[in-house]
Amino acid sequence: MRRKLSSYLVSAAAMLAAVLAVTPAQSQQATVYEGARLIIGDGTNAIEDSAFVVQGTQFTQVGRRGQVQVPAGAAHVDLTGKTVMPTLVDLHGHYGFQNLAVGNMSKEMFTRANLIDHMQRMAYWGVGAVIGIGDLVDRSDMKGGRTGWGDVPLKVRDEVVPGTALFKTAGPGLAWPGSGAQGHPSRVDVSYPVSTVAEARAAVDDYVKIKPEFIKIWVDDRDGAKKTLTPELIRAVADEAHKFNVPVGVHNVTLANAKVLFRSGVEAWMHVPVRGGDKVDAELIGIIKDRIARNDRPVMWMTPAMISAYMNTKGGPTRPAFLDDPMLKATYAPRHIEEYWGDVLKKMTPAQVAKAKESFEADAKNALLLRSAGMKIVSGTDTGQTRHLIGMANHLDLESQVAMGLTPMEVIVGATHDGAQIGKFNTGSVAAGKNADFIVLDANPLDNISNTRKINKVYLRGQEVPRAQYAARWQAGFAQAASAK
């Protein structure tokens, strides 16, 4: 019954996506949006009583009301009392495997229709662009054959679907056999398995053919339960990737491996580079500063992805308010909200909550030390497993970064402008020439970062995202799934 239901939901999503994504005529008539408090995204002060002009898919003028030259015949939209900010950018997601209605995962779900559905969910939450990691795409099986997994991520990244977040891919990833993505079995064997230098170089040579945003590697022995890439293999991967001028991003834990990775020229970390009880030391700080001074791949960044740890600090008998957010209820079935987090947090003991807080604070301290050395903190949610809430996780990520010690403005800059620059997306700031991607909010996130969830409307490339229609479709899917049980 579940297989039949999954097939039905994917087909229904495909048909409804086709209906909802009818491309509107790309009218060049200008529209001026006036009166809002405008957060540009680049860290400059918000513009009170702003005006910005959208023509076609892009912003053309930005400034204060009365100081912007409004084109003749422009339509006017009054946003007085609202706050506008750029849409978010997520540089660390694992999309496509989940059937959100049923609550399971499989390789069979990794279809164009399901991936686009996930991108529409991101758009609903105000996310305009993402990079998928560990994506299901054909690769060498490292035995002379191919996996035959198709090219869905490569096709979707070349599409611009109205009302849908832009998608790019970092491909399948690379790891010691069995030590890559963990959790659900559908993802465990997706990455290239390598255990020798020759295999590492051969895997990279095959990997770069899909033109990934970066080569993703896992360097994690899972608390001693698995083997992981050795320093020799790390250096081989980084050296081979950099021959093709492709960056390397890593999931890493220990201080010792972080030093190897930074010295090897690795650019990106999908979590805090040093965690799990290890502490950043003066030697690592010196390595980072030296790379910046020598201009040796000086842009180094992390997506802390501390959402789960942050949520665990909310455990205990008091129910976190975000579990009752109307947008979360629009995108997840009530039973899944309770299964993934409601029941789990309620059952946490005071000792478990205290341990979660201690762990969060330790990782936050490491992240801020690395930031002070020159690393950038940007947004990435690790979304992909069933408990990682697509869309909601992006806003909890912002909240977790404020809890780490960043200001709301610093967090917004990382999640918009800086993330867009790193991901090479023409978005992330409200500025002439950028895609007209913006969120209209009912409250100011500079006062309280959780106000990013008070979404009134979302616009992508100048067109309003049909959020109510999306929510109706997802609710119908939840009902269908419940009746099929």
Count of residues meeting criterion [at pLDDT below 95, surrounded by 14 or more Cβ atoms within 10 Å (Cβ to Cβ) and part of a helix (DSSP H, G or I)] in the range 312-328: 1
When you check ALA170 against the structure, is it modelled with pLDDT of 95 or more, of a type outside the set (S, T, N, Q), under 29 Å from GLY477 (Cα atoms) and within 19 Å of the chain's Cα centre (by Cα), yes or no? no
Conditions (1) within 26 Å of THR57 (Cα to Cα); (2) hydroxyl-bearing (Ser, Thr, Tyr); (3) surrounded by fewer than 24 Cβ atoms within 10 Å (Cβ to Cβ): number failed by THR164: (3)
Using the structure shown, decide if GLY224 is within 23 Å of the chain's Cα centre (by Cα) and in the same structural domain as TYR310 (by TED's automatic domain parsing). no
Being surrounded by 15 or more Cβ atoms within 10 Å (Cβ to Cβ), touching a residue at least 24 places away in the same chain (Cβ under 8 Å) and either among the polar types (S, T, N, Q) or under 28 Å from ASP418 (Cα atoms) (or both) narrows VAL53, VAL68 down to just VAL68
Report yes if some residue within the range 414-428 is over 15 Å from the mean Cα position of the chain (by Cα) and within 20 Å of TYR124 (Cα to Cα); otherwise report no. yes
Considering the range 174-188, residues that are at pLDDT 95 or above and in contact with a helix residue (DSSP H, G or I) (Cβ under 9 Å, 6 or more places away or on another chain), and then whichever is surrounded by the most Cβ atoms within 10 Å (Cβ to Cβ), we arrive at LEU174
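Per-residue answers, yes or no, for (1) in the same structural domain as GLY249 (by TED's automatic domain parsing); (2) within 14 Å of LEU261 (Cα to Cα); (3) part of a loop (DSSP other than H, G, I, E, B):
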position: HIS271; (1), (2), (3): yes, yes, yes
position: VAL274; (1), (2), (3): yes, yes, yes
position: GLY277; (1), (2), (3): yes, no, yes
position: GLU283; (1), (2), (3): yes, yes, no
position: ILE287; (1), (2), (3): yes, yes, no
position: ARG291; (1), (2), (3): yes, yes, no
position: ASP296; (1), (2), (3): yes, yes, yes
position: TYR310; (1), (2), (3): yes, no, no
Would you call ASP437 touching a Pro at 6+ places or on another chain (Cβ under 9 Å), at pLDDT 95 or above and closer than 30 Å to PRO185 by Cβ? no
Among the residues of the range 386-397, is there at least one that is among the polar types (S, T, N, Q) and closer than 20 Å to VAL272 by Cα? yes
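The values are calculated or read from the model by the stated rules, or taken from the named source; none is laboratory data. Computed from a predicted structure; not experimentally measured. Ideal geometry is used to build each Cβ from the backbone, glycine not excepted, and the neighbour counts take in all protein chains shown.
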